[in-house]
């Protein structure tokens, strides 16, 4: 083999957390333990509902046949069964890269390159991607049931409603009559600008209804 035949295989890692508040440390530690170079770790902090993600797009563009990609778990590739399957095919078939799923050693495309090995990997992938999607569905259902139960108990969600002061009609009248500046009206009512306008609309509708 001469120098021109040598293919350099690069190792990459991909991290996704669903929201900007979630921490990526657990995935990052796992990739570091797998000896993935820091410069080859791509990160997205956003939902996996679609693949319009800058980190993932850069990663896919960089991948070359024979490169190796590590991910912590299968659901980092997507949020539903079909999308996980699709991205797996893109990475392994179209890009020609190998994938290692650290949480599931059976999903290591470097092993079993023969027909039987590929068949077993495909079965494991289908089962795991289905389980990942099903678990997310169950979580959403449990959250919805919990919220519904809390509402029945009288628990209120969202920001508490800010009521206008009792003299709000007088403040409005003075402001509309030019005796108060808008800022003075805000200060006297103790309301933020958006809340003031919302309460003003409600007040005017109520006045119209009484006519």
When (1) modelled with pLDDT of 85 or more; (2) surrounded by 11 or more Cβ atoms within 10 Å (Cβ to Cβ) are applied to residue 201, the one that fails is (2)
Being touching a helix residue (DSSP H, G or I) at 6+ places or on another chain (Cβ under 7 Å) and modelled with pLDDT of 75 or more, is that true of even one residue in region 109-130?
-> yes
How about region 1-101: which helices (runs of 4 or more DSSP H) wholly inside it have at least 2 residues that are within 23 Å of residue 111 (Cα to Cα) and modelled with pLDDT of 90 or more?
-> 25-33, 54-62
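The values are calculated or read from the model by the stated rules, or taken from the named source; none is laboratory data. Remember, it's a predicted structure, so these values are computed and weren't measured experimentally. Positions of Cβ are backbone-derived with ideal geometry, glycine not excepted, and every protein chain shown enters the neighbour counts.
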